[in-house]
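All remarks here apply to the structure that follows.
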Amino acid sequence: MNTASEPRYAAIKRHIRQKIESGAWPIHFQVPSENQLAQEFSVSRMTARRALSELTDERVLMRSQGLGTFVAEPVPAGSLLEVRNIADEISARGHSYSNRILLAQQCMASAEVARALEVPEQAKVFHSIIVHCDNSLPIQWEERFTNPALAPEYLQQDFAHTTPNAYLSRVAPLTEADTTVEAIAAEASIAYALEIATGDACLQVWRRTKSSAGTVSFARLVHPGNRYRLGAQLRF
């Protein structure tokens with residue numbers, strides 16, 4: 001890499017990333033202060049502050065008021081190739097799962113929902129909106145429409161202690177999933193639920209799941225862009 005014309009704040013960021021990637025600075029390691037970095041790199045405190053602020057915005061570092069700046073835990077990753085229970089993903093990281101149930105009711109299928117679920121327009125379907133949290137931090141806003149014929153007791157489930165995915169996987173085992181991923185700007189109601197600013201970048205996943213008996217559910221999953229990422233590994 002040609003670093004001759006590299007801005008000083010970028011050099012500090014690169015240095016910090018190298019320390020983290022090499023394992024020299026593990027998760028929760030306290031990184032040098034603005035003053036220490038300014039002295040080490042012979043730059044102004046403002047330049048050092050910019051490097052730390054940008055890395056904090058990128059979720060590489062985390063700041064604790066009055067304590068300092070620390071190496072953050074990696075942004076959690078979901079998979080494009082499998083439909084996993086988000087509660088299991090969070091538990092696998094050793095974190096605490098919780099959720100907030102915003103809506104759970106029966107409604108009439110709109111034209112879009114009817115096409116997705118392959119039911120008549122205005123047919124009765126189940127509609128739920130749940131915010132899933134990792135260590136109390138919202139990482140997914142889930143809006144789901146479910147086919148009552150394939151999951152008749154959906155609304156009777158205690159979603160404070162389970163998830164729609166876990167219940168549906170049990171009563172209508174998945175055989176097929178159609179997934180579309182796109183970047184969006186958070187609308188006001190979703191931003192409020194996810195505790196981010198309106199217009200912040202988000203990752204939106206549209207997912208339709210099917211069992212051997214038919215289409216089970218149609219879901220919209222929205223993740224704050226700086227708290228979640230999707231990945232996939234293909235083997236040939």
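Once C-alpha pairs closer than 8 Å and six or more residues apart are averaged by separation and normalised to the residue number of the stretch 110-187, the relative contact order reads 19 percent.
Determine the order of Asp200, Asp88, Asp57 by accessible area, beginning with the largest, at a probe radius of 1.4 Å.
Values: Asp200 60, Asp88 85, Asp57 110 Å².
Heavy-atom accessible area, descending, gives Asp57, Asp88, Asp200.
Helix 45-57 and the long axis of the chain differ in direction by around 20°, with both axes built from C-alpha atoms. What number comes out for the charge environment of Ile129, summing +1 per Lys or Arg and -1 per Asp or Glu over other residues with Cβ under 12 Å away? Spelling it out: positives minus negatives among the neighbours equals +1. Against the longest alpha carbon principal axis of the chain, how many degrees, from 0 to 90 and to the nearest 10, is the axis of helix 8-21 turned? Orientation of helix 8-21: about 60 degrees from the principal axis. Here the label points at His161 and Ala188, each 7 Å from Cα along the C-beta direction, are separated by 3.8 nm in the simple model.
For Met62 and Ser42, FRET efficiency with R0 = 25 Å and r from the beta-carbon atoms, rounded to 0.05?
Details: r = 27 Å, r/R0 = 1.06.
Calculated value: 0.40.
A 1.4 Å probe run over the chain, with the rest of the protein chains in place, finds 54 Å² accessible per residue.
With all protein chains present and a 1.4 Å probe, how do Glu112, Glu54, Glu182 order by accessible area, largest first? Numbers along the way, then the final one.
Numbers: Glu112 95, Glu54 45, Glu182 70 Å².
Ranking Glu112, Glu54, Glu182 by accessible area, largest first, yields Glu112, Glu182, Glu54.
Only lysines eight or more places from Lys124 in sequence, or on another chain, were considered; those with a Cα closer than 26 Å are Lys210.
Remark: the chain projects, on average over all directions, an area of 16.5 nm² (convex hull of Cα atoms). The length gained by stretching the chain between Ser22 and Trp206 to full extension, at 0.36 nm per residue less their Cα-Cα distance, is 62.6 nm.
Between Glu121 and Glu195, the contour length at 0.36 nm per residue exceeds the alpha carbon distance by 23.2 nm.
I want the local charge near Glu176. Using Cβ-Cβ distances under 9 Å, sum +1 for each Lys or Arg and -1 for each Asp or Glu among the other residues.
Numbers: positive: Arg208, Lys210; negative: Asp178.
Result for the neighbourhood of Glu176: +1.
Accessible area of the chain with a 1.4 Å probe: how many percent of it is carbon plus sulfur? Could you put the intermediate results ahead of the total?
Working: 6400 of 12850 Å².
The C+S portion of the solvent-accessible surface of the chain is 50 percent.
Electrostatic tally near Met108: other residues with Cβ closer than 9 Å to its Cβ, Lys and Arg +1, Asp and Glu -1, net 0. Dividing the summed helix terms, -39500 (n - 2.57) for each DSSP H run of n ≥ 4, by the number of residues in the chain produces a 222 nm estimate of -7500 deg cm²/dmol to the nearest 500.
The values are calculated or read from the model by the stated rules, or taken from the named source; none is laboratory data. Keep in mind it's a predicted model, so treat the numbers as computed, not measured. Neighbour counts are summed over all protein chains in view; Cβ atoms, including those assigned to glycine, are modelled from backbone coordinates with ideal geometry. For the accessible areas, the whole protein counts, side chains as well, though only heavy atoms, and no ligand, DNA or RNA atoms are used. Shrake-Rupley method; radii C 1.70, N 1.55, O 1.52, S 1.80 Å.
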